[in-house]
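The values are calculated or read from the model by the stated rules, or taken from the named source; none is laboratory data. Just so you know, these numbers come straight off a predicted model, no measurement behind them. Backbone-built Cβ (ideal geometry, glycine too); neighbour counts: all protein chains shown.
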Amino acid sequence: MTLLEPGAPQPVLADGEAARPNLSSRIRSMLRDTMVVVETDFRKLRHDPIELLTRAIQPALWLLIFGQVFARTRAIPSGNLPYPDFMTPGILAQSVLFIAIFFGIGTIWERDLGLVHKLLATPAPRAALVAGKGLAAGERALSQAVFIYTLAWLLGVKLNWSPLAMAGIAVTVIIGAAVFSTFSLIIACIVKTRERFMGIGQVLTMPLFFASNAIYPIDMMPTWLRAVARFNPLTYQVDAMRSLMVQGGSSAYGLATDWGIMLVILILLTVLGARLYRRLAL
């Protein structure tokens with residue numbers, strides 16, 4: 001059964017009343033609907049692999065040019081890490097952000113093609129549709145992680161190749177991409193046009209990136225910007241990646257705190273996105 005097919009018939013009680021599915025059945029159904037959305041996006045990506053190559057250009061420029069220059073100037077304190085090692089997790093987080101923050105424009109395209117109306121006509125929960133979009137963004141972001149790991153290794157960055165650390169990076173990439181893609185979908189539900197969405201997306205990306213610990217420590221920031229950085233989910237994504245991705249890296253807040261904050265934000269955004277998703281079809 002696919003997402004666009006009608007739901008399976010419900011069991012009927014003796015008095016003719018439809019039986020209400022139990023909690024486990026509802027959870028399985030939601031997970032199935034979520035994975036259908038992910039599978040659909042994977043098929044799109046498989047037919048357009050050039051997108052992965054073009055998205056790899058920007059992080060490559062940051063690592064090859066910005067990272068190498070600032071490593072020589074020693075202008076940014078990076079603690080016990082060489083600056084390229086300090087910067088690499090931040091560039092991976094930046095790549096995840098740039099993929100996810102514009103993910104909502106695909107939803108606007110789907111509305112223009114009439115797909116959103118079809119999705120809303122299915123019995124799939126709105127939260128499953130929103131969660132599926134978030135996981136699909138994580139799927140795309142994982143391909144960027146593979147590229148950045150390869151480039152960082154070629155540049156001599158001391159990576160942590162522990163299986164547990166790499167699994168933790170995969171989890172962090174998926175959660176981070178889901179956070180920003182869900183935020184992107186909420187923006188798409190509000191503005192509804194591609195032109196306005198692109199303008200807002202371009203305005204948000206640089207402040208989110210520079211108001212984080214991606215390329216310099218928070219201690220270097222003025223007091224007001226430190227407060228902004230602590231409310232920025234990208235800060236916690238970078239913090240988790242820096243503790244997992246490179247040898248000698250450490251977390252300022254703790255991995256459990258990083259993941260916990262990101263998951264709380266993701267749940268809140270998913271609930272809000274599910275409530276707003278219907279507006280996209282109006």
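Having 2 or more residues that are modelled with pLDDT under 85 and β-branched (Val, Ile, Thr) is the bar; report the helices (runs of 4 or more DSSP H) wholly within the range 96-154 that clear it. Outline the logic, then answer.
Details: elements: 104-112, 115-120, 126-154.
Once the helices (runs of 4 or more DSSP H) in the range 96-154 are filtered for at least 2 residues that are modelled with pLDDT under 85 and β-branched (Val, Ile, Thr), what remains is 104-112.
Taking the range 219-241, which residues are in contact with a Ser or Thr (Cβ under 9 Å, 6 or more places away or on another chain) and within 18 Å of residue 76 (Cβ to Cβ)?
229, 234, 235, 238, 239, 241
Can you pull out the residues in the range 155-169 that are of a type in the set (A, V, I, L, M, F, W, C), in a helix (DSSP H, G or I) and surrounded by 15 or more Cβ atoms within 10 Å (Cβ to Cβ)?
Step one: of the range 155-169, the residues of a type in the set (A, V, I, L, M, F, W, C) are 155, 157, 159, 161, 164-167, 169.
Filter once more, keeping what is in a helix (DSSP H, G or I): 164-167, 169.
165, 166, 169, listed by residue number.
Please go through the range 168-183 and pick out each residue that is in contact with a Lys or Arg (Cβ under 9 Å, 6 or more places away or on another chain) and farther than 15 Å from residue 268 by Cβ. Give the steps one after another, and end with the answer.
Within the range 168-183, the first condition is being in contact with a Lys or Arg (Cβ under 9 Å, 6 or more places away or on another chain), and the residues that meet it are 177-178, 181-182.
Of everything in the range 168-183, just one residue is in contact with a Lys or Arg (Cβ under 9 Å, 6 or more places away or on another chain) and farther than 15 Å from residue 268 by Cβ, namely 177.
Out of 263, 185, report the one residue that is within 20 Å of residue 134 (Cβ to Cβ) and surrounded by fewer than 16 Cβ atoms within 10 Å (Cβ to Cβ).
Values: 185 fails: surrounded by fewer than 16 Cβ atoms within 10 Å (Cβ to Cβ).
Within the list 263, 185, the selection yields 263.
Which of the residues spanning the range 109-156 are among the β-branched types (Val, Ile, Thr) and over 17 Å from residue 38 (Cα atoms)? Steps first, please.
Residues of the range 109-156 that are among the β-branched types (Val, Ile, Thr), as a first pass: 116, 122, 130, 146, 148, 150.
Result: 146, 148, 150.
Would you check which residues across the range 211-243 are farther than 19 Å from residue 170 by Cβ and part of a helix (DSSP H, G or I) and list them?
Scanning the range 211-243 gives 218, 219, 220, 223, 224, 225, 226, 227, 228, 229, 230, 235.
Please enumerate the residues belonging to the range 163-187 that are at pLDDT 95 or above and hydroxyl-bearing (Ser, Thr, Tyr).
Across the range 163-187, the qualifying residue is only 172.
Between a residue in the range 129-148 that is of a type in the set (Asp, Glu) and any residue that is part of a helix (DSSP H, G or I) and at pLDDT below 85, which pairs come within a Cβ distance under 7 Å, given they are 6 or more apart or on different chains?
The qualifying pairs are 139/38; 139/41; 139/42.
How about the range 46-73: which of its residues are part of a loop (DSSP other than H, G, I, E, B) and either at pLDDT below 75 or closer than 20 Å to residue 210 by Cβ (or both)? Working first, answer last.
In the first step, residues of the range 46-73 are kept if they are part of a loop (DSSP other than H, G, I, E, B); the result is 47-49, 56.
Selection gives 47, 48, 49.
Do the conditions hold for residue 116, that is, is it within 15 Å of residue 189 (Cβ to Cβ) and touching an Asp or Glu at 6+ places or on another chain (Cβ under 7 Å)? Before you say what the answer is, go through the steps one by one.
Values: within 15 Å of residue 189 (Cβ to Cβ): yes; touching an Asp or Glu at 6+ places or on another chain (Cβ under 7 Å): yes.
The answer is yes for residue 116.
Restricted to the range 3-45, and to residues that are at pLDDT 65 or above and among the charged types (D, E, K, R), which residue is farthest from residue 139 (Cα to Cα)? Walk me through it before giving the result.
From the range 3-45, those at pLDDT 65 or above are 22-45; that's our starting set.
Keeping just the survivors that are among the charged types (D, E, K, R) gives 26, 28, 32-33, 39, 41, 43-44.
Details: 26: 24, 28: 21, 32: 16, 33: 16, 39: 10, 41: 9, 43: 12, 44: 12 Å.
Filtering first and then ranking leaves 26.
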